[in-house]
Structure formats: C-alpha cells, structure tokens
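*Asks:* Just passing along the structure, written as structure tokens.
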Number of protein chains: 2
Amino acid sequence: MRVLVPFDAAEPKTRLSDVFDRRERAEFAYAMLEDVLEAVRESGEEPELLATAPLADERDFSVPVAVDDRPLSPAINDVLAGADEPVAVVMADLALARPIDLRRLVDVDEEVVAVPGRGGGTNALVIRHPEFRVDYHGVSFRDHREIAARIGAEFTAFDSHRLATDVDERSDLVELLLHGEGHAADWLDAAGFRLAETGGRVTVQRTDGSDSERLK
Amino acid sequence: MRVLVPFDAAEPKTRLSDVFDRRERAEFAYAMLEDVLEAVRESGEEPELLATAPLADERDFSVPVAVDDRPLSPAINDVLAGADEPVAVVMADLALARPIDLRRLVDVDEEVVAVPGRGGGTNALVIRHPEFRVDYHGVSFRDHREIAARIGAEFTAFDSHRLATDVDERSDLVELLLHGEGHAADWLDAAGFRLAETGGRVTVQRTDGSDSERLK
C-alpha cells in the first residue's frame, strides 16, 4: 500500500494565525507532520510526502518527497490514476493519530474507507477501487461517499475521534493538549499553552498572556 | 450493568439558542434523548433516565425515570455510592450514538472507561471500580483520568468520533446532518436545516433563511 501524506509547505496553518505568528505556524505544522510520518511508519507502512513546495530549511524526514504545487485533488488523482496497488491518503495535521489507529484503518478491508474529519472534511482515505477519485473541495466526506456510490464501490466510514481531529484552529488545540503525546503536543506545551476555561467553554491560552489580544 | 442517561429537562440545550427558539430546543433535545435511549436499548442494555425535572408534556419513553434536581455530579455519585454492579453514564445528546458503538463501549473490560467529548468533556463513562466518583465540572475528561489514577483504577479512553460528538451548538449540527440517522437528524431535516459553506467552513442553515439573523 502507498501512503501519501499531503503537506502545505507554502503557507501552513493559516487558520491558526490568531494563535501563532508565521514562524510558529511553520514550526507547529512541521511538528505535526513529523508526528504523522512517525505514526504511519510505526503502523508498518512507508509514508510518502506530497508537498506543495520544497520543505523549508532543507528539512529531511527520511521519506520520499514529491513536490506538486497544484491543488490537492488533482495531485492525488494523478497518483490514483497511475497506481497499481491500494493508496491511502493521511492528512499531515492529524496530530492525535497513533500507529494503532492507522493500523486499524488500513486493515479495514473495503474498497473505500474514509475517516470523517470534524466539520465535513475527509481526514484520511484508503482506496482499493481503481475508479475512485478524490474531491477535497467543500463537504468532502459527503462528496467521497457520493463518488463511491456513483461508481458502485463499497464505502465505509471509520469512526475515530483521534483521526477526526485535524488541527486547524484554536479549539482543536484543546484536543491536542488533552490527548496528544507527540512532537506537536510537546511543542505546544513548551510554547506555554495550557487549557483554560472561559465562560464554561474550554480553550487554550498562553500562560504568559502574550496571545490574549489575539483571542476572539 | 446499570445505564444512566442524564437529561436536563428544565432548560435543555441553551447553547443552541442562536439556532432554535425555546420550543424547538425542547423538541430537538427530546428527539436526541429518544435516539440515545433507543441506541442503549438496542445495544442490549436497559437505560434509566435521570432527569433534572419531570419530563415535559408527560412524555413517556417506557424507561424508569428518576428526577433529581441537583447538579449532575452529586446525582450520579449517589447512584455510584449505592451501586452493587457496574454503572454506565451516557449523555442524552449523543445523537450519533449507534447501538454498536455503545455495545463496543460497554464491552471494554476495564475499571473505568471514558469517552472524551470534543472540548474536554466526558460523554460517556463505564465504571466498574467501587471508589470511582465523577466530577463533571470543567475539563471533566482530564479530571476523570486523574480521579482514576488517584484511586489506582485502570483507566481507558474510548476513541469514537460519533460518541465524542455531544450536540451543544451550531457546529455540532453539521455532524448530525452528515452522520445522523435517527429522530434528531430527521427533526433537523424536517425543520429545514441543510449544510452550507460560508468562507471555507461548513455550517448549517435553514433553507427558508429564517435563522440567518441568528447566525453569528
């Protein structure tokens, strides 16, 4: 099985601009990427990085890197069109993914297995049907379910809170502080982020208060 | 095993006030409750309703109902103190819970099994340790993990996006429209709610536009 990990190396994690500055966003994104690549590897698969641009600072994760600056869907679909084995796509911001979660996922023996992300996205896919193509635009989980139905492919959703958590915005950092164990969780802790309760909701704040003016 | 389903009958789902009016909030909350009670029953367990007030309109779900107007933690802890068998607590707003999810949950043979809700809550618990007590205030998942450690009880987190989704606010309705199959999803559909994309995010809107002024 090929396991693709798409990564936005050009402008990572823009929706975390209210939490991190630009340099921090890149550091954090690379920490999550490292977590995901390690989890794939420890699950017994070999990850391949599919990056929108060359990695910053000549970073090297000892994995094959393909650079493709097109949007995600055509880049993935080109791989699918040429693949002669199953293909998995695992997003680079699944910082709660453990090897066992990914092992269980790729062991589900269906033609299309999709992991819904919170909010309608598709956080991971395992594709064993030769005609299936991806469409990450919009409510992609619903679209992928419909695409599978259209081509007569078996479709299964994989139910996991860890894999449903793609880390895109401040509220997702709560999950990382609560349940994370890897580089990204360590980075967040070292950067001074802690859980905080405001008005009955749980959020994250920097202990030095430096991000309070960024809080909406 | 006893399976308690706590339900706020007095003022249900206040955090959905920007989406529903008061009557709708109650209808929706009862639809979710019915889904949860059915899922528990179809999982092979007998649910018991633990309500903060008598049910509105003499509703009858054919389950035992205990009314306890105290906060959730003391109400549950009284049951735990007197229990001579395992006790499960399943929140009444887990509208994505299927019988198989609950069956898998209660089959995890550990002293304390906790289902993290998104945002730090505890959406379900299975308690087989006589000294374990609940504390639902604040970041309760973390607290429950610490309580278990303090009394030397085995603690396991149960990983499920469906069970992590307690339906509290507008963004949670996206999950219900995408993944729901029961009374609450039907109610939401009949009330005219559909998925909508605004600025790259997925949300829900009423097709008749009547809730647009409520949208933040």
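*Asks:* Between chain B and chain A, with a rotation axis joining them, whose C-beta in B is nearest that axis, and what is the whole-Å distance?
*Replies:* Spelled out as residue then distance in Å, it is B:HIS161, 2.
*Asks:* Taking the label point 7 Å from Cα in the Cβ direction, how far apart in nm is B:ARG150 from each other copy of itself, listed shortest first?
*Replies:* Values, ascending and in nm: 5.5.
*Asks:* For segment B:7-81, what relative contact order do you get, as a whole percent, if you take Cα pairs closer than 8 Å and at least 6 residues apart? Present the calculation step by step, with values, prior to reporting the outcome.
*Replies:* Values: 60 pairs, mean separation 22.1, N = 75.
The value is 29 percent.
*Asks:* Could you grab the relative contact order for chain A? Cα pairs under 8 Å, six or more apart, rounded to a whole percent. Show your work: numbers first, answer last.
*Replies:* Numbers: 378 pairs, mean separation 46.6, N = 216.
The normalised contact order for chain A reaches 22 percent.
*Asks:* Additional query: Hey, any idea what % of chain B's accessible area is carbon plus sulfur with a 1.4 Å probe? If you can, show how the numbers build up before the last one.
*Replies:* Values: 4220 of 9290 Å².
After summing per-atom areas, the C and S share lands at 45 percent.
*Asks:* Starting from a label point 7 Å past Cα on the Cβ side, list the distances from A:ASP109 to the same position in the other copies, nm, shortest first.
*Replies:* 2.6
*Asks:* Checking the a/c ratio against 1.5 first, then a/b against b/c, what shape does the Cα gyration tensor give for chain B? Walk me through the intermediate numbers first.
*Replies:* On the way: a/c = 1.92, a/b = 1.60, b/c = 1.20.
Taking the square roots of the gyration eigenvalues as a ≥ b ≥ c, chain B is prolate.
*Asks:* Could you sort B:HIS183, A:HIS129 by accessible area so the largest value comes first, with the probe set to 1.4 Å? Spell out each step's value before the answer.
*Replies:* Working: B:HIS183 65, A:HIS129 25 Å².
Result, largest first: B:HIS183, A:HIS129.
*Asks:* Would you mind putting B:55-61, B:92-98 in packing order, based on average other-beta-carbon counts within 10 Å, highest first? It would help to have the intermediate numbers written out before the result.
*Replies:* On the way: B:55-61: 11.6, B:92-98: 27.1.
Peptide ranking by packing, descending: B:92-98, B:55-61.
*Asks:* Rounded, prolate or oblate for segment A:1-124? Axes are the square roots of the Cα gyration tensor eigenvalues, ordered a ≥ b ≥ c, and the cut-off for rounded is a/c under 1.5.
*Replies:* Working: a/c = 1.57, a/b = 1.40, b/c = 1.12.
Prolate shape, in that a/c is at least 1.5 and a/b is the bigger ratio.
*Asks:* Okay, moving on. Could you check which residue among B:ALA190, B:ALA148, B:ALA83 shows the biggest mean-square fluctuation in a GNM of chain B with a 10 Å Cα cutoff?
*Replies:* Ranking B:ALA190, B:ALA148, B:ALA83 by mean-square fluctuation puts B:ALA190 first.
*Asks:* According to the square roots a ≥ b ≥ c of the eigenvalues of the Cα gyration tensor, what is the shape class of segment A:52-140, taking rounded for a/c under 1.5, prolate for a/b larger than b/c otherwise, and oblate for the remainder? Don't jump to the answer; show the numbers that get you there.
*Replies:* Details: a/c = 1.41, a/b = 1.22, b/c = 1.16.
Note, shape of segment A:52-140 comes out rounded.
*Asks:* Leaving ligands and nucleic acids out of the surface, order A:SER171, B:SER43 by accessible area at 1.4 Å, largest first.
*Replies:* Working: A:SER171 50, B:SER43 10 Å².
Per-residue accessible area, sorted high to low, gives A:SER171, B:SER43.
*Asks:* Read phi for every residue in segment B:95-104 and hand back ³J(HN,Hα) as whole Hz from Karplus 6.51 cos²θ - 1.76 cosθ + 1.60, θ = phi - 60°, with x for Gly and Pro.
*Replies:* 6, 9, 5, 9, x, 5, 5, 6, 4, 4
*Asks:* Can you give the convex hull volume per residue for the Cα atoms of segment B:36-79, as a whole number of Å³?
*Replies:* Working: hull volume 3.6 nm³, N = 44.
Taking the convex hull of the Cα positions in segment B:36-79, it is 83 Å³ per residue.
*Asks:* Under a crude label model (7 Å from the Cα following the beta-carbon direction), how far is B:ARG201 from A:THR198 in nanometres?
*Replies:* That separation, rounded to one decimal, is 1.4 nm.
*Asks:* Still on this structure, I have one more. How far is helix B:170-179 tilted off the main Cα axis of chain B, in degrees rounded to 10, range 0 to 90?
*Replies:* 80
*Asks:* How many nm is it between the label spots at B:GLU46 and B:ALA10, if each spot is 7 Å from the Cα in line with the beta carbon?
*Replies:* Going from the B:GLU46 label point to the B:ALA10 one covers 2.9 nm.
*Asks:* List the distances, in nm to one decimal, from the label point of B:LEU195 to the label points of the same position in every other copy, shortest first, placing each label point 7 Å from Cα along the Cα-to-Cβ direction.
*Replies:* For B:LEU195, the other copies' label points sit at 3.0 nm, shortest first.
*Asks:* Kindly compute the accessible surface that chains A and B hide from a 1.4 Å probe when together, both sides summed, and give it to the nearest 100 Å².
*Replies:* On the way: alone 10540 and 10530 Å², together 18590 Å².
Using a 1.4 Å probe on protein heavy atoms, the buried area is about 2500 Å².
*Asks:* Which whole-number value in Å² is the accessible area per residue of segment A:15-114, probe 1.4 Å? Write out the running numbers ahead of the final one.
*Replies:* Values: 4520 Å² over 100 residues.
Result: 45 Å² of accessible area for each residue.
*Asks:* Further question on the same structure: Using alpha carbons only, how many degrees (0 to 90, rounded to 10) separate the axis of helix A:22-42 from the longest principal axis of chain A?
*Replies:* 50
*Asks:* Next question, about the same structure. As I understand it, the value is the acute angle between the Cα axis of helix B:72-82 and the longest principal axis of the Cα atoms of chain B; what does it come to in degrees, rounded to 10?
*Replies:* Between the helix axis and the principal axis of chain B, the angle is about 30 degrees.
*Asks:* Please build a GNM for chain B, connecting alpha carbons under 10 Å apart, and tell me which residue among B:VAL108, B:VAL65, B:VAL89 fluctuates the most.
*Replies:* B:VAL108
*Asks:* Dimensions of the protein assembly as shown along principal axes (Cα, Å, largest first)?
*Replies:* Reported extents, whole Å, longest axis first: 63, 47, 43.
*Asks:* Would you mind giving the average projected area, over all directions, of the Cα convex hull of segment B:172-215 in nm² with one decimal? Write down the numbers at each step before the final one.
*Replies:* Numbers: hull surface 12.3 nm².
Approximately 3.1 nm², given one-decimal rounding.
The values are calculated or read from the model by the stated rules, or taken from the named source; none is laboratory data. Since the structure is predicted, the reported quantities are computational estimates derived from the model, not experimental observations. Using ideal geometry, Cβ is built from the backbone for each residue, glycine included, and neighbour counts are taken over all protein chains shown. Calculation scope for accessible area: heavy atoms of the full protein, side chains included, ligands and nucleic acids excluded. Shrake-Rupley method; radii C 1.70, N 1.55, O 1.52, S 1.80 Å.
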